[in-house]
Amino acid sequence: MGYSEGDMVVVNPSWGDGTCRQCREGNEQLCSGNGRWVGFGPPGGFAEYMAVQYRHAIPVSEEAAKAPELLAPMTDAGMTPYRGMRKLRDAGKLGPDRTVAVTGIGGLGSYAVQYAKLLGGGATVVAFARTDSKLELAKENGADHGINVKDKSTDAIQAELEQLTGRRTVNAILDCVGSETSVSMGFDLLGPEGALTAVGLMSQRVEHRQFPFVGTELSYFGSFWGNHLDLVEVLSLAEAGLIKHNVTKVKLEDINKNLQALGRGEVSGRQVIVFE
């Protein structure tokens, strides 16, 4: 494929069996056969070196290769919300005179608000988070407004929405948390024909009242990771300078204390292990 020793590549982490319907559609991350994910079976994750089939390697420019710590998050935090936001766009839920919200401004959400601007077609972007520092990060990354939802009722959140946007509901939500609380809140904030796409995976189940869901024709989309082309697209956006990164480099020997900080919710953006 023209690769030489020392070339910088980004590895697509979803390795499908190549024979099932999902793989033939290009969605190897959804492989229904003998699919594998790097770090979940095949060597990878915290490994310094790994073997990979050339078809999963994506070459990058010499300029992008100067900062590999900015490329690594694209394979997960970068492309996961991109795919989710694209689903909202393709469903016709974004555009002028509409509001799209992003719930959870962490590793995924810090990219999600940027995609809301890039793909939103002029939609107003609102960030929901539980700390003011993460709302500030969201605004730095393009969100028009931010609302701290910690310990607030739906009515209180709607009152702030109305003050900021002139409306008590939103048209679309990308949920990067995936908890029962966040998804339930999202459904309560959707207006008629609204849609919620979930990429977060914190809970085992979600619930919502049946009549509001059917009676206002709401939509609920699951969106898992991303495929090869999703990764190529976000890498292209990054190389074009259209994506802002919030990355902290950490050493492998410090990984445990950094994982603990991540579990406490103290990390904004993404941490990337570097081998020096």
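The values are calculated or read from the model by the stated rules, or taken from the named source; none is laboratory data. Computed from a predicted structure; not experimentally measured. Reconstructed Cβ throughout: ideal geometry from the backbone, glycine too, with neighbour counts over all protein chains shown. These accessible areas exclude ligands, DNA and RNA; they are computed on the full protein's heavy atoms, side chains included. Shrake-Rupley method; radii C 1.70, N 1.55, O 1.52, S 1.80 Å.
Given the peptides 182-192, 2-12, arrange them by the average over their residues of other C-beta atoms within 10 Å, most packed first.
182-192, 2-12
Might you tell me the accessible area per residue for the chain, computed with a 1.4 Å probe and given in Å²?
Heavy-atom SASA per residue in the chain reads 52 Å².
Please list, in chain and number order, the residues 5+ apart from Arg36 or on another chain whose amide H is under 5 Å from its amide H, with Hs placed from the backbone.
Trp15, Gly16
When the Kirkwood radius is taken over all Cα pairs of segment 95-138, what Stokes-Einstein diffusion coefficient follows at 10 °C and 1.306 mPa s, in µm²/s? Could you put the intermediate results ahead of the total?
On the way: Rh = 10.3 Å.
The Stokes-Einstein estimate is 154 µm²/s.
By average Cβ neighbour count within 10 Å, what is the ranking of 122-134, 53-65, 201-213, 93-105 from highest down?
Descending packing order for the listed peptides: 93-105, 122-134, 53-65, 201-213.
Return the calculated 222 nm mean residue ellipticity for the chain, to the nearest 500 deg cm²/dmol, obtained by summing -39500 (n - 2.57) across DSSP H runs with n ≥ 4 and dividing by the residue count.
Values: 10 runs with 88 residues, N = 276.
One gets -9000 deg cm²/dmol as the mean residue ellipticity at 222 nm.
Using a/c under 1.5 as the rounded threshold, could you call segment 120-241 rounded, prolate or oblate? The axes a ≥ b ≥ c are square roots of the C-alpha gyration tensor eigenvalues, and prolate needs a/b larger than b/c, oblate otherwise.
oblate
With the dipole of the chain worked out from charges on the C-beta (+1 for Lys and Arg, -1 for Asp and Glu) around the Cα centre, which of Gln271, Tyr115, Ile173 lies farthest toward the positive end?
Of the listed residues, the answer is Ile173.
Using only alpha carbon pairs under 8 Å that are at least six residues apart, calculate the relative contact order of segment 6-107 and give it in whole percent.
Worked out over segment 6-107, it gives 25 percent.
Which FRET efficiency value, to the nearest 0.05, do you get for Arg55 and Glu253 by plugging their Cβ-Cβ distance into 1/(1 + (r/R0)^6) with R0 = 25 Å? Present the calculation step by step, with values, prior to reporting the outcome.
Working: r = 34 Å, r/R0 = 1.34.
Result of the calculation: an efficiency of 0.15.
What does the charge count around Gly33 come to, taking other residues whose C-beta lies under 15 Å from its C-beta (Lys +1, Arg +1, Asp -1, Glu -1)?
0
Pull out a ≥ b ≥ c, the square roots of the eigenvalues of the alpha-carbon gyration tensor of segment 131-173, then state rounded if a/c is under 1.5, prolate if not and a/b is larger than b/c, and oblate in the remaining case.
oblate
With an 8 Å Cα cut-off and a minimum separation of 6 or more residues, compute the relative contact order for the chain in percent.
With pairs under 8 Å counted, the relative contact order is 19 percent.
For Cα pairs less than 8 Å apart in space and 6+ apart in sequence, what is the mean separation divided by the residue count of segment 163-276, i.e. the relative contact order in percent?
19
If you take every residue apart from Pro96 with its C-beta less than 15 Å away from the C-beta of Pro96, what net charge results, scoring Lys and Arg +1 and Asp and Glu -1?
Spelling it out: positives minus negatives among the neighbours equals +3.
Calculate, axis by axis, the spread of Cα positions in segment 1-65 along the three principal axes, and write the results as whole Å, longest axis first.
For segment 1-65, the Cα extents along the three principal axes come out at 36, 25, 17 Å.
To the nearest 10 degrees, how steeply does helix 154-165 sit against the main Cα axis of the chain, on a 0 to 90 scale?
80
With a 10 Å cut-off between alpha carbons and a GNM built on the chain, which of Trp15, Trp225, Trp37 moves the most?
Evaluated over the chain, the most mobile residue of the options is Trp37.
Show the residues, 5+ positions off or on another chain, whose built amide H is closer than 5 Å to the amide H of Val10.
Those qualifying (amide H under 5 Å, at least 5 residues apart or on another chain) are Ile58, Val60.
To test your reading of the geometry: what angle, between 0 and 90 degrees and rounded to tens, separates the Cα axis of helix 109-119 from the longest principal axis of the chain?
80
Which length gain, in nm to one decimal place, applies between Phe46 and Arg167 when the Cα-Cα distance is subtracted from 0.36 nm times their residue separation?
Fully extending the segment from Phe46 to Arg167 adds 39.0 nm.
From the mean inverse distance of alpha carbon pairs (Kirkwood) and the Cα radius of gyration, derive Rg over Rh for segment 30-120.
Reported Rg/Rh, Kirkwood definition of Rh: 1.04.
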